[in-house]
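A.B. asks: After the structure tokens below, expect a handful of questions from me.
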Amino acid sequence: MWKNSELRITTLIENMPDEEGKLIAEHGLSLYIEFDGKRILFDTGQTGDFVKNATDLRINLESLDDIIISHGHYDHSGGVMTLLSEMQHTVPFYVGEGFFAPKYKHLSDGTYRYNGNPFTEQELVERKVDLHVVTEDVTELTEKILLFKNFPGVSGFEKRNEKFVLPEGAGYIVDAFQEEIALGLRTSKGLVLIVGCSHVGICNILQAVSERVEDPIYAVLGGTHLMEADQMRLEKTMEVFRKFGVQCVAVSHCTGEQGIALARETFKERFVLNNTGNTFVI
């Protein structure tokens, strides 16, 4: 499958372009994962352009074994229909309970913009997608591949972003992102934790995962939604990373410039800028 490596994660699309500028970048995230005899797609970006990047990177998406979508925002699920139109076979498609809820963003001008999936559950059913709705705290895909869901807000300093809302009655309520799921890969170095946006709080996710499995958390990879965090939250987040013994941080997407800078300063040579086209290997 791949030589001399236990785990290989390729970033198919992300906010930041590749160094050579040959791949398409966009606000979104899509990761191609080779691990434990499986090929997994984690999120699909916002447009479907990750498919073009996969072709340029010589990655065959027809070989996928599983599809996982971290949460119901367009910049993570927007490429789903493009992917399905390209695939000739059906694979398990994992989402968290609540994934299909209509999601909106409250804009500065007072209006509400639809921010959710560009497809409905019924459309997936009509395409005969092998849909799996995750409800449990921990779901094993294999002994080494785990899905985590349901993250209590225990950190105390990670507040819900009030711009992200769900309709209720004649108004809106703040979105708790109850559908958000994270992926854990049990490697020889410890757990590699993959997150889409961490809307529920990356520290809340780390706390919940550490309580549910005994594996040390070796690496955190993906979006941490620190782009609007103040300095206090950024510093406390790095403290929590150290508390749980995280050895490597490969952040991207919604982490933000300040979050990336502090992670780089904190982890030094153990920091990875996970831009479009990057490959993370163990």
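Every number here is computed from the coordinates shown, using simple stated rules; none is lab data. What you are looking at is a predicted structure, and each value in this text was computed from that prediction instead of being measured. No Cβ is skipped: glycine too gets one built from the backbone with ideal geometry, and neighbour counts run over all protein chains shown.
A.B. asks: Out of residues 5 or more away from Glu6 or on other chains, whose amide H comes under 5 Å of its own, with H placed 1.01 Å from N in the peptide plane?
C.D. replies: So Glu6 has HN proximity to Ile282.
A.B. asks: Taking every pair of Cα atoms in the stretch 85-211, average 1/r, invert it to obtain the Kirkwood radius, and report Rg/Rh to two decimals.
C.D. replies: Ratio of gyration radius to Kirkwood radius: 1.00.
A.B. asks: Still on this structure: Given the Cα atoms of the stretch 119-193, and with Rh set as the inverse mean 1/r over their pairs in the Kirkwood sense, what is Rg to Rh to two decimals?
C.D. replies: 1.06
A.B. asks: Still on this model: Starting from the Cα gyration tensor of the stretch 146-282, take the square roots of the eigenvalues, sort them a ≥ b ≥ c, and report rounded, prolate or oblate (rounded when a/c is under 1.5, otherwise prolate if a/b is larger than b/c, else oblate).
C.D. replies: The shape class here is prolate.
A.B. asks: Using a/c under 1.5 as the rounded threshold, could you call the stretch 173-244 rounded, prolate or oblate? The axes a ≥ b ≥ c are square roots of the C-alpha gyration tensor eigenvalues, and prolate needs a/b larger than b/c, oblate otherwise.
C.D. replies: oblate
A.B. asks: With all distinct Cα pairs included, what does the Kirkwood hydrodynamic radius of the stretch 10-138 come out to in Å, to one decimal, could you say?
C.D. replies: One decimal place: 15.3 Å for the Kirkwood radius.
A.B. asks: By its C-alpha gyration tensor, with a ≥ b ≥ c as the square roots of the eigenvalues, how is the chain shaped: rounded for a/c under 1.5, else prolate for a/b larger than b/c, else oblate?
C.D. replies: rounded
A.B. asks: Roughly how many whole Å is it from the C-alpha centroid of the stretch 135-184 to that of the stretch 11-44?
C.D. replies: Cα centroid of the stretch 135-184 versus Cα centroid of the stretch 11-44: 22 Å apart.
A.B. asks: Amide H of Gly196 versus every other amide H placed in the peptide plane: which residues, excluding those fewer than 5 positions away on the same chain, fall under 5 Å?
C.D. replies: Amide H to amide H, under 5 Å and 5 or more residues apart or across chains, Gly196 pairs with Gly223.
A.B. asks: Using 7 Å Cα-to-Cβ label points, what is the Glu97/Lys268 separation (nm, one decimal)?
C.D. replies: 4.6 nm
A.B. asks: Something else: Would you please give the FRET efficiency between Glu86 and Glu19, computed as 1/(1 + (r/R0)^6) with r the Cβ-Cβ distance and R0 = 25 Å, to the nearest 0.05?
C.D. replies: Rounded to the nearest 0.05, the efficiency is 0.40.
A.B. asks: Along Cα→Cβ, 7 Å out, is where each label goes; now give me the distance between the ones at Glu126 and Glu214 in nm to one decimal.
C.D. replies: 5.0 nm
A.B. asks: Counting pairs on different chains as well as pairs 8 or more places apart, how many Lys pairs in the stretch 7-281 have Cα atoms under 12 Å apart?
C.D. replies: Value for the stretch 7-281: 4.
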